[in-house]
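The values are calculated or read from the model by the stated rules, or taken from the named source; none is laboratory data. Computed from a predicted model, the values in this text were never measured in an experiment. FYI the Cβ positions are ideal-geometry reconstructions off the backbone, even for glycines, and counts take in every protein chain you see. The area values use the complete protein model at the heavy-atom level, side chains included, leaving out ligands, DNA and RNA. Shrake-Rupley method; radii C 1.70, N 1.55, O 1.52, S 1.80 Å.
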Amino acid sequence: MPDGIPWNVRGQFVEVVYNGVHVGNYYLCEQIKIDGNRLDITDSYEDIIKDNPNLNPTLEQCGYLLEFDSKDDKDPYFNTSNGIKVKFKDDAISGTSLATAVQTKVKRIEDNLDKGTDAGYDAAYEELDLNTIVDQWLIWELTMNREYGDPGSVYMYMDGNGPLCAGPVWDFDRGTFQYIEGAEGLGNSDRIKPYDEWMCWRSEESYIWYKQLIKSQKFQQKVKERWAVIYPYLQDIVD
């Protein structure tokens, strides 16, 4: 399938036996990282800075892996104007002028989407890869994965000064698909997902920028175009 998210995590289920005792069924998978065999963009440290420690690289020379995640942990981060936490997954650029340039670009995209005007959307789309943005959204919605609501473990990347792209997708655990009994048993009725509307229409969470995007006619048209490409592949999933 052309022009979508270029790489996503591969893995398989494994049963673990330790000292003759079965200790569980696990999902063994790749980590998300910049690598020629995974997310194949420029590695800021390995490809640029490692052999040129005195170089002051430009935005165009490096690649950037970002994680939109509301959880607190050790990764350096910045907050967008809407309070979305964006983490740098590459220590080599955190705290540098490159990080500032990436932060400025991400905030500019958000500010343009927030305008809700044709001019604002057009300016944002100049810096967004809409195919990957749509694909990631459809994957979350089709799997009823509410992780992007908080958001949690939502990855995006840039290669040089190219568009901000969505992916790889990640974190399909207890927030995936529908589990009404579990939600009701825990008293979390808000985790019961609607069958008759997009999850990002729910008001209590941010869903990154999709509440703004879904109001755009150009985004709606792109969703229809991508669905026409994706739907035949979905027919083969069961097989």
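Residues in segment 187-205 that are part of a loop (DSSP other than H, G, I, E, B), modelled with pLDDT under 85 and either under 22 Å from D72 (Cα atoms) or not aliphatic (A, V, I, L, M) (or both): G187, N188, K193, P194, Y195, D196, E197, R202, S203, E204, E205. Within segment 47-65, the residues that satisfy the criterion of being hydrophobic (A, V, I, L, M, F, W, C), farther than 30 Å from Y207 by Cβ and open to solvent by less than 70 Å² (accessible area, probe 1.4 Å) are I48, I49.
Selection of segment 10-28 for residues being open to solvent by less than 50 Å² (accessible area, probe 1.4 Å) and modelled with pLDDT of 95 or more yields V14, G24.
Being over 22 Å from M158 (Cα atoms), of a type in the set (D, E) and over 18 Å from the mean Cα position of the chain (by Cα) is true of E15.
Number of residues in segment 66-123 that are open to solvent by less than 30 Å² (accessible area, probe 1.4 Å) and of a type outside the set (D, E, K, R): the value is 17.
When each of N112, N82 is tested for being over 30 Å from C29 (Cα atoms) and assigned to a loop (DSSP other than H, G, I, E, B), the lone residue that passes is N82. Number of residues in segment 1-57 that are assigned to a loop (DSSP other than H, G, I, E, B) and either hydrophobic (A, V, I, L, M, F, W, C) or touching a strand residue (DSSP E or B) at 6+ places or on another chain (Cβ under 9 Å) (or both): the value is 14.
Are any residues in segment 145-186 aliphatic (A, V, I, L, M) and in a loop (DSSP other than H, G, I, E, B), and if so, which ones?
V169, L186
N145 satisfies every condition listed in (1) of a type outside the set (G, A, S); (2) in contact (Cβ under 8 Å) with a residue 60 or more places away in the chain; (3) within 28 Å of I192 (Cβ to Cβ) except (2).
For segment 167-206, filtered to residues that are within 17 Å of the chain's Cα centre (by Cα) and in contact (Cβ under 8 Å) with a residue 40 or more places away in the chain, the residue that is nearest to K85 (Cα to Cα) is S206. Just so you know, in segment 118-144 the residues that are at pLDDT 95 or above and not in a helix (DSSP H, G or I) include one that is farthest from the chain's Cα centre (by Cα), and it is E126.
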